[in-house]
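Accompanying notes for the structure given below.
The values are calculated or read from the model by the stated rules, or taken from the named source; none is laboratory data. Just so it is clear, the model here is predicted, and its values are computed rather than measured. Cβ coordinates were reconstructed from backbone atoms using ideal geometry, including for glycine residues, and neighbour counts include every protein chain displayed.
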Amino acid sequence: MADIPAPNGAEGAAAETGPSLNALAQYAKDISFENPNAPRSLAPQESAPQISIQVNVNAKQLADTDFEVDLSLEGNAKIGQEVMFAFDLTYSGVFRLRNIPADHVHQVVMIECPRLLFPFARQIVAESVRNGGFPPLYIDPIDFVGLYRQRAESEAAGQVAGAPANQPVN
């Protein structure tokens, strides 16, 4: 089937006015790996470590259409109270959003942008843990929609809880 060109260049105009999300840059903003009890922590262990991981997403607007998004992954592995290893990574990106409805910009920045950053951050963590002498730690996929909703709910609860008693809460 042949493509039929749009009249008067309408195809190009539609492409220019359609919503777009472009990654302009990606970078490790801050990275730390600690193996505080080496070489003892590298010896075979009787039990598997307890692994704890915290995820956070922050963003700031750089220009009308440009946003810097930080995906922070912090975690550790412990056996009892002894830390086997700990890591802290802030992996960031600069994204350009065009023709996204204003009421959707926040969701795109806080959900889609970190979703694009995550595979790269996950690989950095895995390689850092492996380079620290342990098997690589592959973080399970993250539900950024759920994280977004959870944060929105906690912010709403904080506004209600923090509101003065004599003022109505909307």
Determine whether GLN61 is modelled with pLDDT of 95 or more, under 28 Å from the mean Cα position of the chain (by Cα) and closer than 24 Å to GLU155 by Cβ. yes
So, in region 15-69, how many residues would count as being polar (S, T, N, Q) and either at positive phi or exposed (fewer than 11 other Cβ atoms within 10 Å of the Cβ) (or both)? 3
Can you say whether PRO141 is closer than 21 Å to ASN76 by Cα, touching a Lys or Arg at 6+ places or on another chain (Cβ under 9 Å) and surrounded by fewer than 17 Cβ atoms within 10 Å (Cβ to Cβ), as far as the supplied structure shows? yes
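Each row is one residue, and each column tells you yes or no for (1) hydrophobic (A, V, I, L, M, F, W, C); (2) in contact with a Leu (Cβ under 8 Å, 6 or more places away or on another chain); (3) at pLDDT below 85.
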| residue | (1), (2), (3) |
| --- | --- |
| GLY9 | no, no, yes |
| GLY12 | no, no, yes |
| LEU21 | yes, yes, no |
| GLU46 | no, no, no |
Index of the failed condition, SER92 passing every other in (1) loosely packed, with under 13 Cβ neighbours inside 10 Å; (2) in a strand (DSSP E or B); (3) of a type in the set (Ser, Thr, Tyr): (1)
Any hit, region 52-61, residues being farther than 30 Å from HIS106 by Cα and touching a helix residue (DSSP H, G or I) at 6+ places or on another chain (Cβ under 8 Å): no
